[in-house]
Amino acid sequence: MQRMALANGSALRRLVRRLGVRLGDEDDVTQRVLLTAWRKLQEREVHCERSFLRGIAVREASHQRRTYRRRREVSADAGIAESGMLTRGEAPAAEPDELLHLKQVLTVVERIVAQLTPELHRVFVLFAMHGRTAREIARSLELPLGTVKSRLRRARELVDAGVVAARLAS
């Protein structure tokens, strides 16, 4: 677990920030992701660590945003917000080297997704890019739910393998 936290901690932190978690809360959400992963790893074996953590991060970030909206907390930084300075809800500007890295990763992922078969591509894009659930995809494509889940799993495996291969090649 310590290896997993060290290997994925900073990437998880960036991911939850991109998923809309308020500045200052990303450490708490990242910690909850790692704790949830640790609990779930006691129950089952995970084959793709990164996808496993990504799924937990998406759910935890969603939970955090929902909780924040319900509380309707008044930020102590209201005066700063009125002055136009950075508030807790905004992400800081990305560094140029981080932007370059993200652009390179995006290019690799786009190339890999474009190489998927049409069946896998359609399901993967609806899920990953449009945020549809497997049930919604099955309904809209008129496919059995099991088929959609199988295609999504296979597409994820191929994308993950392609990213790993691209990382090793660079």
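Here are a few things to note about the model shown:
- Of interest is the spacing of the C-alpha centroids, which for segment 97-124 and segment 15-41 amounts to 24 Å.
- Efficiency of FRET from Cβ geometry, Leu100 and His121, R₀ 41 Å, rounded to 0.05: 0.95
- For segment 113-167, the equivalent ellipsoid derived from the alpha-carbon gyration tensor has semi-axes of 21, 10, 9 Å in decreasing order.
- With a simple spin-label model that places each label point 7 Å from the Cα along the Cα-to-Cβ direction, the separation between Gln42 and Thr67 comes to 1.9 nm.
- Mean separation of Cα pairs under 8 Å and 6 or more residues apart, divided by the residue count, gives segment 94-170 a relative contact order of 35 percent.
- Residue-span extension gain [Leu35 to Ser10] - 0.36 nm each, minus C-alpha spacing: 7.5 nm
- Gain upon complete extension [Lys149, Glu136; 0.36 nm per residue less C-alpha separation]: 3.5 nm
- Potential extension, Asp28-Arg111 segment - 0.36 nm per residue separation minus Cα distance: 26.5 nm
Read-outs: derived from the displayed coordinates by stated rules, not from any lab. Source: prediction; values computed, not measured. Cβ coordinates were reconstructed from backbone atoms using ideal geometry, including for glycine residues, and neighbour counts include every protein chain displayed.
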